[in-house]
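**Q** My questions all concern the structure below.
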Amino acid sequence: MVRFISRRLLLSLITLWLLITIVFVIANVLPNDVGRTILGPFAPQESVDALNERLGTNRPILVQYVDTLSSILTLDFGESYVTGQPVLPQLAAAIGRSTKLAGLALLLTIPLAIAAGIFAARRRDRPADRGIVLLGVTSSSIPEFVTGTILVVVVGVQLKLLPVLATPPANADIPTQIRYLLMPATAMAIVYFGYIARMTRAGTIDVLQSDYTRTATMKGLTSGQVMRRHVLRNALIPTVAVIAVQIGYLFGGIIAVEKIFNYNGMGQTMLFAAQRKDIPMLTAGAIVIGIVYMLATLAADMTIAWMNPRIRLDTER
């Protein structure tokens, strides 16, 4: 297991290094006068040169690349071109908000979707199975911004059950924060319910048809014992992989939902930085999202290896 984790960790670090390099190339190597971008087209060239000197954007590319790598190791991403404040505190606040929203969405989605997928698989081709499949396909085909807009109009405006905006008051307690985040989290949960439920259903059906499951049944084990001992650990392996991908997307790819509910998470922060050409903020945000994907994938690999040791042994061979 240690060897398996070490290999996965090494591959993750190589992937992260490649991501950092690509982000650096896009942000610094492509033609772009940072000083001119910040000060505008009518600023004196002397002011532009002075700003480039202060920001260090006129140094050799290799020096900037080494500085970028060292800044990531020290968690010093520099100052924002727009606010002039250090990037890390602003980014940390956005990370915290996105973590709350994504965590609540996953908490709403994962248990219900897995239960629905297993329930549908055990009743394959029956009305309940067809209904869950239809519900999953329908929910996953509706974009988040459509679901969010419907929830705002119906739940927030007409029924007045939940706040329309997702940002809770300052120093709000946990129940109040959940109340404000419930509607955007539900908008995302509706979409990802379909993906997870259908993947769980397919994995469960595949395992239920396997030889070792039939053998366990013929030995006299009850259906509950067969599910607990033989089916779930193998059936949920594809589901774990899907959840890992969704974690990364929920963390940084929910710009539309954040826009609808006026929630300043990672999506809004990245959009704001891109619109104003705030390269340090944009670079740091892209790297953080990449790290989230890396950690989620690494956790999924470790979970899958624990659930099915054969995968770990096949990889080592």
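**Q** Count the net charge of all other residues whose Cβ sits under 12 Å from the Cβ of MET227, scoring Lys and Arg as +1 and Asp and Glu as -1.
**A** My count for the surroundings of MET227 gives +4.
**Q** Okay, moving on. Keeping all protein chains in the complex and leaving out DNA, RNA and ligands, what accessible area do you get for LYS259 with a 1.4 Å probe, in Å² to the nearest 10?
**A** Number for this one is 120 Å².
**Q** Would you please classify the overall shape of region 246-300 from the alpha carbon gyration tensor, given that a ≥ b ≥ c denote the square roots of the eigenvalues, rounded means a/c under 1.5, and beyond that prolate means a/b larger than b/c while oblate covers the rest?
**A** Here region 246-300 falls in the oblate category.
**Q** What's the percent breakdown of Cα-Cα distances in region 134-213 across 5 Å bins, shortest bin first?
**A** 3, 15, 18, 16, 14, 12, 8, 6, 5, 3, 1, 0
**Q** How big is the Kirkwood radius of region 64-114, worked out from every pair of different alpha carbons and given in Å to one decimal?
**A** 13.3
**Q** If each residue of separation counts as 0.36 nm, what is the full-extension length gain between ARG124 and ASP211 once their alpha-carbon separation is subtracted?
**A** Extending this stretch completely gives an extra 29.5 nm.
**Q** Let me ask you something else. Please compute the length gained on full extension between SER6 and ALA50, using 0.36 nm multiplied by the number of residues separating them and subtracting their Cα-Cα distance.
**A** Extra length from SER6 to ALA50 when fully extended: 11.2 nm.
**Q** Which FRET efficiency value, to the nearest 0.05, is calculated for PHE42 and ARG179 with the Förster distance at 51 angstrom and r the Cβ-Cβ distance?
**A** Plugging the Cβ-Cβ distance into 1/(1 + (r/R0)^6) gives 0.60.
**Q** Provide the FRET efficiency to the nearest 0.05 for the ARG276-ASN171 pair, computing r from the beta carbons and using R0 = 30 Å.
**A** In this case the efficiency is close to 0.50.
**Q** Then there is this: What does the helix-only formula give at 222 nm for the chain: each DSSP H stretch with n ≥ 4 adding -39500 (n - 2.57), the total divided by the residues, and the result rounded to the nearest 500 deg cm²/dmol?
**A** -24000 deg cm²/dmol
**Q** Provide Rg over Rh for region 187-317; use the alpha carbon set for both Rg and the Kirkwood Rh (inverse mean inverse pair distance).
**A** 1.15
**Q** Another question, if that's okay. With the calculation restricted to Cα positions, what are the radius of gyration and Dmax of region 153-193 in angstrom?
**A** Both quantities, over Cα of region 153-193: 10.8, 31 Å.
**Q** Under the √(5λ) rule applied to the eigenvalues of the Cα gyration tensor, what semi-axes describe the equivalent ellipsoid of the chain? Give them in Å, descending.
**A** The answer is 44, 27, 14 Å, longest axis first.
**Q** Leaving out ligands, DNA and RNA, what percent of the accessible area of the chain is carbon and sulfur, probe 1.4 Å?
**A** 67
**Q** I'd like the Kirkwood hydrodynamic radius of region 115-170, using the inverse of the mean 1/r over distinct C-alpha pairs, in Å.
**A** 13.6
The values are calculated or read from the model by the stated rules, or taken from the named source; none is laboratory data. Keep in mind it's a predicted model, so treat the numbers as computed, not measured. Using ideal geometry, Cβ is built from the backbone for each residue, glycine included, and neighbour counts are taken over all protein chains shown. Protein only, heavy atoms only, side chains kept; ligands, DNA and RNA dropped before computing areas. Shrake-Rupley method; radii C 1.70, N 1.55, O 1.52, S 1.80 Å.
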